[in-house]
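Novice: Following this message is one structure expressed as structure tokens.
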Amino acid sequence: MTNSLGQGSCRLKKWRLDPHREISDLPLTFFLVSQPVVPCLLSLLQAPFVLGAPVSLADSINQTYNLALYMQKNTSVLVQTYLQYQGSPFSDPGFSAPELQLSSLAPAAVPFTLWRGLGDGERLLQVHRAFSALAQHLQLVSDDQADLNPGSSVLLSQLAAARLRAQGLMGNIASVMTVLGVSIPLEVDTLGSAPFGASVFQRKCRGYVVTREYEHWTDRAVQDLAVLKAKYVA
Amino acid sequence: MLRAAGGGLRLGAALPTARTMLALALLAFGALRAGSGSYLAVIAPQDPTLLIGSSLHATCSVSVSGGDTPTAEGLYWTLNGRRLAPELSQVLNATTLGLALANLNGSKQQSGDNLVCHARDGSILAGSCLYVGLPPEKPVNISCWSKNMKDLTCRWFPGTQGETFLHTNYTLKYKLRWYGQDNTCQEYHTVGPYSCHIPKDLALFTPYEIWVEATNRLGSARSEVVTLDILDVVTTDPPPDVHVSRVGGLEDQLSVHWNSPPALKDFLFQAKYQIRYRVEDSVEWKVVDDVSNQTSCRLAGLKPGTVYFVQVRCNPFGIYGSKKAGIWSEWSHPTAASTPRSERQGSSGACEPRGGEPSSMPVRRELKQFLGWLKKHSYCPNLSFRLYDQWRAWMQKSHKTRNQHRTRGSCPRADGARREVLPGDKL
């Protein structure tokens, strides 16, 4: 289930077309669509739905929520797999180092009342920004591990999958934001010049923090989308 | 990752000096914080590479980042998660903890041993990855083969020591002997960890020089150069369509047929073949050598009524008129066949009077079935135990073998009854 920017959501949108359209048109449209055409049609479809026909917003939120739930199943596995390959103490059972943080990754933890009081736009913006940063960091960790643990195909494929899922989630959140009329921020380079010159140990720690934060942010995304689901989905 | 303190990091500077490196590393660890305190710490040296058995002196220097006065008191070292004995570390000054390790063992993992400096409460302050190992040995025993003259696969061994404890990179290189340019093989691990495959652009009738270079953090080594012509190391696919069949009623022979491998059919060569066979429940193979350029062979001296597994392989001998042997192909998939049961077998042992009832239970049951079958399918006046034995053999055969076995004879029948065949029937 690897979506590149909203491609999966586009396909689903095909089925939830304008209610004025004939039912008989639906299968024909769907089968006429081939992969490269899909993003084209997405932009076509999005235009009339910017003002948020209730049907498409609910589906958009549902789909994003389901994606986040699906991702949640694998996030702790990623952390464990990652730690296994770094050697002791990382690979020791129950390893945890909450003191390690990355200044380029905002933590998912936030005071409850503050979180509860977030507006829809701000809520989605924070998650979108987080996964944008996570996708970049996961790429960095993949590169590091390809260098430090070249034989670890299991870890490398899990990191690649996580990065693709993060991007997929970003795309889905972007479509919810579009429907709600929230403007999607431009892609920001969160890493800057930070990665260069890091020592091996720093790189190992960095990967741990990234995979840990990926798990925390996925949990948070599920919660955020649950709030939106409660609000907009019947 | 690096906390952009104040003016931020300027990595645009030219090759940093050691001091700048330390300062950079210091800022780098701005992200690492001890429990409730807020120390910055850095270990020197970072990522050292060492020979097995050498010693290491390291330092963990703490500096301030917040209100607390940093101190080296209470800090401790761990290596790969295990706390190091206190006598190995010493407080060098107020903010520096030292470590003296001797006689280091090879690294536990290829990503390096984790040497960590911990705060009093156990949290991680800083770390350094140690690479302890040996330089690579000369790779040895390079052997290569070409499948149907189209490609080249080579295999080697890493040298007597083998384990270097460090990630060792192997590169297979080759060049035409008379022309200068070195080529590097790209597809590795095709037949095991120390192998490489060159898929195309190989010249025939001209020698290649091939060697393997091994490199790791501690050094490199190069194997001896092997010189070969592709045509000297040709192998091919196993012979296809291997069939094994009986030779008439001969109970100690089987006939094996096969086709020559199609890939090399256009090239003039004399194939040599080898056949091996074994009894079903044995592990010992018998080999028939010297099967030159034929596509069939008869195996003799076999046991009657036994299932045999047979395999054939091919050697493309004398490619393009050369007098040399090539390399044997893989064995073909095993084909099974059984020799006919011996005629004499049924009548030995049991002391059954002619026409009388046999004494053992299973034989009696079988006999009943047989008589029933006879009644249904034919009308034979000459019932005898010889007939019975022949029927038994026929039952065995129809269960065991898949090969064609033409049988002759039939029971004379009354009108309307179906014609059946019985082995060796003479009535």
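The values are calculated or read from the model by the stated rules, or taken from the named source; none is laboratory data. Please read these numbers as outputs of a predicted model, since none were measured by experiment. Virtual Cβ from ideal backbone geometry, glycine too; neighbours counted across all protein chains shown. Quick note on the areas: whole protein, heavy atoms, side chains included, nothing else; ligands and nucleic acids left out. Shrake-Rupley method; radii C 1.70, N 1.55, O 1.52, S 1.80 Å.
Novice: In Å, the Kirkwood hydrodynamic radius of the range A:51-133 over pairs of distinct alpha carbons?
Specialist: With all distinct Cα pairs of the range A:51-133 included, I get 16.0 Å.
Novice: Would you kindly derive the ³J(HN,Hα) couplings of the range B:104-111 from the backbone phi angles with the Karplus curve 6.51 cos²θ - 1.76 cosθ + 1.60 (θ = phi - 60°), listing them in order in whole Hz, with x for Gly and Pro?
Specialist: 3J(HN,Hα) across the range B:104-111, in whole Hz: 5, 8, x, 4, 6, 9, 5, 7.
Novice: For B:V234, list long-range residues whose amide hydrogen, built 1.01 Å from N in the peptide plane, is under 5 Å from its own amide hydrogen.
Specialist: Amide H to amide H, under 5 Å and 5 or more residues apart or across chains, B:V234 pairs with B:S146, B:I327.
Novice: Another question about this same structure. About the Cα centre of the range B:39-133, what is the dipole size in debye to 20, counting +1 per Lys and Arg Cβ and -1 per Asp and Glu Cβ, all else neutral?
Specialist: Details: 4 positive and 6 negative charges, 41 e Å.
Computed about the Cα centre, the dipole is about 200 debye.
Novice: Using only atoms on other chains, find how many Cβ atoms lie within 10 Å of each Cβ of peptide A:86-99 and report the average.
Specialist: 5
Novice: What number results when the radius of gyration of the range A:108-156, computed over Cα atoms, is divided by 2.2 N^0.38 Å?
Specialist: The value comes to 1.68.
Novice: Peptide B:106-113: average number of partner chain Cβ atoms within 10 Å per residue?
Specialist: Per residue, the number of nearby Cβ atoms from other chains is 5 on average.
Novice: Going by Cα centres, the range B:95-172 and the range A:82-150 are how many Å apart?
Specialist: If you average the Cα positions of each part, the centres end up 29 Å apart.
Novice: Also: At 1.4 Å probe radius, can you tell me the per residue accessible area of the range B:140-234 in Å²?
Specialist: Accessible surface, normalised per residue, equals 53 Å².
Novice: Counting each pair of different Cα atoms once, what's the Kirkwood radius of the range B:39-133 in Å, rounded to one decimal? Please list the in-between numbers first.
Specialist: On the way: mean 1/r = 0.0745 Å⁻¹.
For the range B:39-133, the Kirkwood estimate is 13.4 Å.
Novice: Using the Kirkwood formula on the Cα atoms of the range B:237-339, what hydrodynamic radius do you get, in angstrom to one decimal?
Specialist: By the Kirkwood definition, the hydrodynamic radius is 14.1 Å.
Novice: Which of B:L92, B:S55, B:L40 sits farthest toward the positive end of the charge dipole of the range B:39-133, with +1 on the Cβ of Lys and Arg and -1 on the Cβ of Asp and Glu?
Specialist: B:S55
Novice: Place a +1 charge on the Cβ of each Lys and Arg in the range B:118-206 and a -1 charge on the Cβ of each Asp and Glu, then give the dipole magnitude about the Cα centre in debye, rounded to the nearest 20.
Specialist: Here the size comes out at about 320 debye.
Novice: Which peptide among B:90-100, A:77-87 comes first, and what is the full order, when sorted by highest mean count of other Cβ atoms within 10 Å?
Specialist: Details: B:90-100: 15.5, A:77-87: 20.0.
Listed from highest to lowest mean packing, they are A:77-87, B:90-100.
Novice: Give me the inter-chain shielding for A:202-209: mean count of other chain Cβ atoms within 10 Å, whole number please.
Specialist: The mean count of partner-chain Cβ atoms within 10 Å per residue comes to 5.
Novice: Taking a quarter of the surface of the Cα convex hull of the range B:140-234, what do you get in nm²?
Specialist: 6.1
Novice: To the nearest hundred square angstrom, how large is the accessible surface buried between A and B, total for both chains, probe 1.4 angstrom?
Specialist: Chains A and B together bury approximately 2200 Å².
Novice: In terms of modelled amide H atoms, which long-range or inter-chain residues lie less than 5 Å from the amide H of B:R246?
Specialist: B:S255
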